[in-house]
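As C-alpha cells, the structure follows; a few thoughts come after it.
The values are calculated or read from the model by the stated rules, or taken from the named source; none is laboratory data. The structure displayed is predicted, hence computed values, not measured ones. In this analysis, Cβ positions are derived from the backbone assuming ideal geometry, glycine residues included, and neighbour counts consider all displayed protein chains.
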Amino acid sequence: MAVGSLTINEERSEVIDFSVPFIETGISVMVSRSNGTVSPSAFLEPFSADVWVMMFVMLLLVSAMAVFIFEYFSPVGYNHCLADGR
C-alpha cells in the first residue's frame, strides 16, 4: 500500500493493481534533468548573501530577547534586588 501522487498509466498498471482514485487534480510537474552533481552550497542559492546575514542577525536578536524574557520572569534567574538599588 502506498499513498502519493502517482500518475496511472499503462506501464504502471501492468505491474501494479491500482485502486480507483477518489480525486484527480490533473496537476503535473516538469523538472529538467540534471547531471547528478549538486553543489555543497546549493542550499544557500535561494537567497542572496544580504538576506542570509539579516536572517542570522534576526535569529541572534530573537534568541537574545527570548533569553532575557525567560531570565527576567524566572524567580531564580534575574536578581530583582539589583534593579531596586538595594
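Among the criteria (1) modelled with pLDDT of 90 or more; (2) surrounded by 10 or more Cβ atoms within 10 Å (Cβ to Cβ), the one Y72 does not fulfil is (1). Residues of the stretch 25-52 that are under 18 Å from the mean Cα position of the chain (by Cα), at pLDDT 90 or above and assigned to a helix (DSSP H, G or I): V51, W52.
Could you list, ordered by first residue, the pairs with Cβ atoms under 7 Å in which the first is in the stretch 56-67 and in contact (Cβ under 8 Å) with a residue 60 or more places away in the chain and the second is hydroxyl-bearing (S, T, Y), at least 6 apart or interchain? Here the result reads none, with nothing in the stretch 56-67 linked to a residue that is hydroxyl-bearing (S, T, Y).
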